[in-house]
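Undergrad: Dumping the structure here so I can ask a few things about it.
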Amino acid sequence: MIFYFIFIAAAALSILAYSVVSFWRTRVPFVATPNDLRKRIAAALSITSESVIYDLGSGRGTFLFAAESYHPKTLVGYELSPVHYWLALAIARLRHSRVKFVRRDFMQADISKATIIYLFLVSPIVQKVWKKIKSECAPGTIVATLSDTIIGHPSYSTINLRPHHPRTGKLYLYRV
Ligand SMILES: C[S@@+](CC[C@H](N)C(=O)[O-])C[C@H]1O[C@@H](n2cnc3c(N)ncnc32)[C@H](O)[C@@H]1O
């Protein structure tokens, strides 16, 4: 019994330590795209069978699983936090999903093939990754950001997903 308790406590502590280390590294807290928004965001992205969708900071894959129901060509999530990455892999297996998850810093990823990029991060990181997107992605690539704008680049569409929560419920759509 005592060994069982020690095992559970050690597992919980490891998960906590992993989460703290990832947050320290990325400076982006884990918050999943809210349940009531996922499908509406995916619906706003004009996904076709040719779409190549990247979620940079994919957490446990919630947005990508919602986007998968639109049958795009490829879905890829980059996630640094081991806990969320493993959870995403486990959920993908249970769902028989074809979403590909990569445990890597998205700032070092090759994102040149993306046709749609989804970002739910924090403003300083959104500005940083936008520079990378502009230099690597083809003109016309769609970039969707939840909550944070890209400073100095006008969105072609702003969707107020939660009129009663204007700060957190806006989706901004941009083109490279
Ligand atoms: C706010 S959560 C969003 C999760 C997911 N996109 C969703 O909408 O449900 C942001 C995630 O980005 C991850 N992240 C932040 N910076 C990263 C980086 N440089 N490389 C990979 N993942 C990163 C964090 O670990 C966190 O899980």
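Throughout, read-outs are computed from the coordinates displayed, never taken from laboratory work. Owing to the predicted nature of the structure, the values given are computational and were not obtained by experimental measurement. Positions of Cβ are generated from backbone atoms using ideal geometry, with glycine treated the same way; all protein chains shown enter the neighbour counts.
Undergrad: Shape verdict for the range 38-118, please, from the Cα gyration tensor: rounded (a/c under 1.5), prolate (a/b greater than b/c) or oblate.
TA: Values: a/c = 1.80, a/b = 1.22, b/c = 1.48.
Note, shape of the range 38-118 comes out oblate.
Undergrad: How would H84, H96 line up from fewest to most surrounding beta-carbon atoms within 10 angstrom?
TA: Values: H84 23, H96 6.
Least to most surrounded, the residues fall as H96, H84.
Undergrad: Taking the simple approach of a point 7 Å from Cα along Cα-to-Cβ for both N160 and L94, what is their distance in nm?
TA: My value for the distance between the label points is 3.6 nm.
Undergrad: Residues of the range 117-131 with amide nitrogen under 16 Å from the 7 Å Cα-to-Cβ point of I151?
TA: Within reach of a label on I151: 121-131.
Undergrad: For the range 89-97, take each phi angle, set θ = phi - 60°, evaluate the Karplus expression 6.51 cos²θ - 1.76 cosθ + 1.60, and give the result in whole Hz per residue in order, putting x for glycine and proline.
TA: Going residue by residue, I get 4, 5, 5, 4, 5, 4, 8, 6, 7 Hz, with x marking Gly and Pro.
Undergrad: Mind giving me the nanometre distance, one decimal, between the label points for L87 and K128, set 7 Å out from Cα along Cα→Cβ?
TA: 2.2 nm
Undergrad: Taking a ≥ b ≥ c as the square roots of the eigenvalues of the Cα gyration tensor of the range 31-175, is the shape rounded (a/c under 1.5), prolate (a/b larger than b/c) or oblate?
TA: Rounded is the answer for the range 31-175, as its axis ratio a/c remains below 1.5.
Undergrad: Another one. Under a point-charge model restricted to the Cβ atoms of Lys and Arg (+1) and Asp and Glu (-1), what is the dipole moment magnitude of the chain relative to its Cα centre, in debye to the nearest 20?
TA: That gives a dipole near 100 debye.
Undergrad: So which lysines can K100 reach, going by Cα to Cα under 25 Å and dropping same-chain residues fewer than 8 places off?
TA: Of all the lysines, those that pass the test against K100 - Cα under 25 Å, at least 8 places apart if same chain - are K39, K73, K113, K128, K131, K132, K134.
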